[in-house]
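One structure is given here, and the rest of the page talks about it.
Just so you know, all these numbers are worked out from the coordinates, no wet-lab data involved. Please read these numbers as outputs of a predicted model, since none were measured by experiment. All Cβ positions, even for glycine, are placed from backbone atoms using ideal geometry, and neighbour counts span all protein chains on display.
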């Protein structure tokens, strides 16, 4: 589909303020070996040309949508002062794993090598399926001795293809996205219904080595089938010296990430005191304007 014909997802339209503050540019990054180039959208703050933090933004949408559907998400990040690279990775059903994650990793490598960015502030972030790809790219960067990622932001991440957590059973028929949709999404993305040998680069929630990863922020939704796999992933990082913080707003679902819905006044549960201070310490300065308005359920450092 011609990207110019793609309409933003409801609630993700650019505002006049965003258009006045952010310049958007389409570029092509060299693709994986034997694959086509990867289309990316650059979101830059309008103003002085300076070295900026890099945010590689990997959109969600069941591995089937395009970044042009989520421009407000990327524009907000650019308005914090970052150079945002939004990756138009190959999507299902025409391209199954590992096409999408390899495209995202290729875009990360190109951005670090070719753009005027601060290599000490490299963030990879994504929501839902983008959370799965963000976590997978972080694993790839570690395993391949690739670019040094300094922070990963996983928002209601889809990271476990087994779909066997209590929240998956609790929300089998949730509005917009339930466990049945999650299972169908994984079948399409993996290109198979066989779950015997799913690699961690496809489903980062699978048991594996989580050492040597950058600090992480993990948001899960209280009314979301993805809730428990995100929490379990945070617990997997806990004893392995990967600093993390997590938040679980009670009323948030997967759909709420795409539609601008007010946050609840309090989280579903609170596990530690002084959460705001500890939460801010776990988030790089680039993202603190967002994190300082959040409340967490746990953190380990």
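Binning at 10 Å from 0, report for region 135-227 what percent of all alpha-carbon pair distances ends up in each bin.
Cα pair-distance distribution for region 135-227, in percent: 16, 44, 33, 8, 0.
Divide, for region 62-179, the radius of gyration over alpha carbons by 2.2 N^0.38 Å, where N is the residue count.
1.13
What does a probe at residue 164 reach in region 185-224, counting residues whose amide N is under 15 Å from the point 7 Å along Cα→Cβ?
Within reach of a label on residue 164, which here means backbone N under 15 Å from a point 7 Å along Cα→Cβ, region 185-224 contributes 194-199, 205-208.
Quick check: Cα centre of region 1-54 to Cα centre of region 113-168, how many Å?
Comparing the Cα centres of region 1-54 and region 113-168, I get a distance of 19 Å.
Kindly put 1, 18 in sequence by how many other C-beta atoms sit within 10 Å of each C-beta, fewest to most.
Sorted ascending by nearby Cβ count, the order is 1, 18.
Direction-averaged shadow area of the convex hull around the Cα atoms of region 78-140, nm²?
Spelled out: convex hull of the Cα atoms, projected over all directions, averaged, 4.7 nm².
What order do you get for 188, 193 when you list them from fewest to most C-beta neighbours inside 10 Å?
Neighbour counts put them in this order, fewest first: 193, 188.
Put a dot 7 Å past each Cα toward the Cβ at residue 211 and residue 113; how far apart are the dots in nm?
2.9
How are the alpha carbon pair distances in region 22-70 distributed across 5 Å bins from zero to the largest one, expressed in percent?
Going from the shortest bin to the longest, the percentages are 5, 15, 20, 26, 19, 9, 5, 1.
Hey, fewest Cβ within 10 Å first, where do 59, 95 land in order?
95, 59
Would you mind calculating the gained length between residue 6 and residue 180 on full extension (0.36 nm times residue separation, minus the Cα-Cα distance), in nm to one decimal?
59.9 nm
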